Amino acid sequence: MKKLFIYLVMFIFIINSFIVWSQSDVKLSSFFLTPLTYNPAYAGSYEGMSFTSLYSSQWVGFVGAPKTLFINGHGTFFGPNMGLGAEIIHDEIGVVTDTKILGNYAYHIQLHEDWRLAMGIKAGASWYSVDYSRLRIQNPNEINNLNGTIKNIDINIGAGFFIHNENFYFGLGVPNFMKTNYINSDDATIASSRPNYYISSGYKFDLQNKVYFQPSVLIRTVDGAPINSIFAGTINWQDKFYGSLNVDLNSTVGGFAGFRYDEKYLFGYSYDASIDNFSNTNLGIHSFFLNIRIEDYWKRDRCGCYSF
């Protein structure tokens, strides 16, 4: 445990040395489906190679509602302790379009017979555009320099760590430390955003007959906004059938159902309904999920964090 404490202190010091303003990140209530998005240290935590695609349409029926596409893959390369991953995230909300292309690197350390520590970094770029011509402004004379399409490219740098054994995991991830400024046609900054910190944890209970139950939580904190917590309880039967219920106490409640075919292909769907005042103006969140995984060459023990 002394060795673990030294690693964590060193890594947190490195993280803090990079902290600056950054952009907000996409939040999905079925957070356990795309852990690499929130924490680069997850790269290589699955014992083989895993490829995931997820499409989410949020607030259906609401004009300008968010639409998000995730495509990512990760696995172990050049040895059993090195994890590599890549992501494409395309997000549309209102008049804003944001596309990220990211790489992830993680190194896994055997701390004890049952415990492993993974430390990861994330780097890439974000291309965003704002089409002000699509805004409907009642009196355009009141708002100057909001016209045409503005495009910009920003650098993305993030980091995180996971500690886990066969059943338990705890992680901290910051997907992006770098500052993103949203500008108008005169290159004047009209908005900035701040780092999102994601704390995740869960425990997998072995019930019987290869039935597992895993409660988990994702806590997101950002300076200037309330702490956001999402809780989920997932049932996994023989690694073939998945069912999950999740709740965001501030906004949504929903569920996920998935089926894995031939031990490689997982198809899933989730639906979330708003539970706040916004529920009267939208028809919920629909998400479609596909995962393909390849058997491990290195024969490592699986992380208890997720199955994806």
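The values are calculated or read from the model by the stated rules, or taken from the named source; none is laboratory data. What you see is a predicted model, and the numbers here were worked out from it, not measured in a lab. Reconstructed Cβ throughout: ideal geometry from the backbone, glycine too, with neighbour counts over all protein chains shown. For the accessible areas, the whole protein counts, side chains as well, though only heavy atoms, and no ligand, DNA or RNA atoms are used. Shrake-Rupley method; radii C 1.70, N 1.55, O 1.52, S 1.80 Å.
Assorted remarks:
- Pairs, first on the phi > 0 side of the Ramachandran plot in the range 47-61, second of a type in the set (A, V, I, L, M) and surrounded by fewer than 16 Cβ atoms within 10 Å (Cβ to Cβ), C-beta under 7 Å, six or more apart: 61/283
- Condition met for residue 248 (within 21 Å of the chain's Cα centre (by Cα), of a type outside the set (Ser, Thr, Tyr), modelled with pLDDT under 90 and surrounded by 14 or more Cβ atoms within 10 Å (Cβ to Cβ)): yes
- Within this structure, residue 86 passes the test of being of a type outside the set (Val, Ile, Thr), surrounded by fewer than 19 Cβ atoms within 10 Å (Cβ to Cβ) and modelled with pLDDT of 90 or more.
- Test: residue in the range 133-151 that is at pLDDT 90 or above and among the aliphatic types (A, V, I, L, M): no
- Check on residue 104, in contact with a Leu (Cβ under 8 Å, 6 or more places away or on another chain) and over 19 Å from residue 288 (Cα atoms): yes
- Contacts under 9 angstrom Cβ, first residue in the range 193-212 being within 18 Å of residue 31 (Cα to Cα), partner of a type in the set (Gly, Ala, Ser) and open to solvent by 30 Å² or more (accessible area, probe 1.4 Å), 6 or more apart: 196/24
- Long-range neighbours under 7 Å by Cβ, at least six apart or interchain, first residue more than 28 Å from residue 205 (Cα to Cα) within the range 219-237, second open to solvent by less than 40 Å² (accessible area, probe 1.4 Å): 222/195; 222/196
- Residue match in the range 45-58 (condition: touching a Pro at 6+ places or on another chain (Cβ under 7 Å) and more than 26 Å from residue 155 (Cα to Cα)): yes
- For the range 198-243, the set of residues classified as farther than 16 Å from residue 266 by Cβ, of a type in the set (Ser, Thr, Tyr) and either open to solvent by 60 Å² or more (accessible area, probe 1.4 Å) or outside any strand (DSSP E or B) (or both) consists of 203 only.
- For the range 244-253, a residue qualifies if it is farther than 22 Å from residue 52 by Cβ and either part of a strand (DSSP E or B) or aliphatic (A, V, I, L, M) (or both), and the qualifying residues are 247, 249, 253.
- Residue in the range 157-165 that is at pLDDT below 90, within 20 Å of residue 40 (Cα to Cα), in a loop (DSSP other than H, G, I, E, B) and open to solvent by 10 Å² or more (accessible area, probe 1.4 Å) present: yes
- Entry remark, the range 254-268: residues being in a strand (DSSP E or B) and over 16 Å from residue 33 (Cα atoms) number 1 in total.
- Residue 77 vs. criteria of a type outside the set (Asp, Glu) and in contact with a helix residue (DSSP H, G or I) (Cβ under 7 Å, 6 or more places away or on another chain): no
- Answer residue from the range 168-197, given it is open to solvent by 50 Å² or more (accessible area, probe 1.4 Å) and assigned to a loop (DSSP other than H, G, I, E, B) and is modelled with the highest pLDDT among those: 178
- When the range 262-283 is filtered for residues that are surrounded by fewer than 18 Cβ atoms within 10 Å (Cβ to Cβ) and either of a type in the set (D, E, K, R) or free of Cβ contacts under 8 Å to residues at least 12 places away in the same chain (or both), the ones remaining, listed by number, are 262, 263, 264, 276, 277, 279, 280.
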